[in-house]
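The values are calculated or read from the model by the stated rules, or taken from the named source; none is laboratory data. Owing to the predicted nature of the structure, the values given are computational and were not obtained by experimental measurement. No Cβ is skipped: glycine too gets one built from the backbone with ideal geometry, and neighbour counts run over all protein chains shown. What goes into the accessible areas is simple: the full protein's heavy atoms, side chains included, and nothing from ligands, DNA or RNA. Shrake-Rupley method; radii C 1.70, N 1.55, O 1.52, S 1.80 Å.
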Amino acid sequence: MASLDRIKVLVLGDSGVGKSSLVHLLCQNQVLGNPSWTVGCSVDVRVHDYKEGTPEEKTFYIELWDVGGSVGSASSVKSTRAVFYSSVNGIILVHDLTNKKSSQNLYRWSLEALNKDSSPTGVIVTNGDYDREKFAENPVPLLMIGTKFDQIPENKRNDVLTRTAFLSEDFNAEEINLDCTNPRYLAAGSSNAVKLSRFFDKVIEKRYFTKEPNQMTGFTDRKRFNFKNLHYD
């Protein structure tokens, strides 16, 4: 299997949202018993069958790069993280469903990874507007995953899922919500498993089977979009 083609997928999000637990679940199909803080970057590999069950089926390595650190880190730390951002084929944006700030920060993580964060320590949302043109030259397929689904109070679940739906729409990305301590959320044949497979297929398709692998698919054609309806406060 050493000769398998590979793709590189970044796993980004605030510290403590459960990125390491998610990557372990995706790659080992097991719950990570004793998660620890990621220093620098940790890489694990998942084997994926592209277009499984069709004549075009082919097996690939999916390298999942779990990048540690806080979105509010100093510029020197961000510069260090930048070494992990080269030759990226896809990005999984991870947020904690019980932490609204971690959801907001996905926009900043996206900018940083795509090397477009011109104001590393400042806000990127001004008066509710955000310039999507910053992403135009950096096309990367996106998937958004919300963790700690089991910890959302029942009486707040509908409001939380409404907010995350707005978020995924802004990124034009499919959305998966799960509990990293329960493998059943990614059970074969489940809607989450189908979305995950579809995302990896999209990344592989753009990397290996399209004439223009760098064409943007993670965002729509709108130049600007409005965040005022997200209600993060």
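If you take the residues in the range 152-197 that are part of a loop (DSSP other than H, G, I, E, B) and closer than 17 Å to LEU97 by Cα, which one is most open to solvent (accessible area, probe 1.4 Å)? Talk me through it step by step, then tell me what you get.
In the first step, residues of the range 152-197 are kept if they are part of a loop (DSSP other than H, G, I, E, B); the result is 152-153, 172-173, 178-182, 187-190.
Okay, now just the ones that are also closer than 17 Å to LEU97 by Cα, so 152-153, 173, 178-182.
On the way: ILE152: 8, PRO153: 64, ALA173: 15, LEU178: 1, ASP179: 17, CYS180: 13, THR181: 93, ASN182: 31 Å².
Among those that are part of a loop (DSSP other than H, G, I, E, B) and closer than 17 Å to LEU97 by Cα, it is THR181.
Exactly one condition in (1) open to solvent by less than 20 Å² (accessible area, probe 1.4 Å); (2) under 12 Å from PHE200 (Cα atoms) is false for LEU22; which is it?
Going through the list (1) open to solvent by less than 20 Å² (accessible area, probe 1.4 Å); (2) under 12 Å from PHE200 (Cα atoms), LEU22 breaks only (2).
Only one of (1) more than 29 Å from LYS156 (Cβ to Cβ); (2) of a type in the set (A, V, I, L, M); (3) crowded, with 16+ Cβ neighbours inside 10 Å is not met by VAL39, so which one is it?
Against the list (1) more than 29 Å from LYS156 (Cβ to Cβ); (2) of a type in the set (A, V, I, L, M); (3) crowded, with 16+ Cβ neighbours inside 10 Å, VAL39 comes up short only on (3).
Could you say whether any residue in the range 85-102 is more than 24 Å from ILE152 (Cα to Cα), hydroxyl-bearing (Ser, Thr, Tyr) and touching a Gly at 6+ places or on another chain (Cβ under 6 Å)? Reasoning before the result, please.
Just the residues of the range 85-102 that are more than 24 Å from ILE152 (Cα to Cα), to begin with: 85-91.
From what is left, the residues that are hydroxyl-bearing (Ser, Thr, Tyr) are 85-87.
When the remaining residues are screened for being touching a Gly at 6+ places or on another chain (Cβ under 6 Å), the result is none.
Taking every residue of the range 85-102 in turn, none turns out to be more than 24 Å from ILE152 (Cα to Cα), hydroxyl-bearing (Ser, Thr, Tyr) and touching a Gly at 6+ places or on another chain (Cβ under 6 Å).
Would you check which residues across the range 75-110 are in contact (Cβ under 8 Å) with a residue 24 or more places away in the chain and of a type in the set (A, V, I, L, M, F, W, C) and list them?
Correct list: ALA82, PHE84, VAL88, ILE91, ILE92, LEU93, VAL94, LEU97, LEU106, TRP109.
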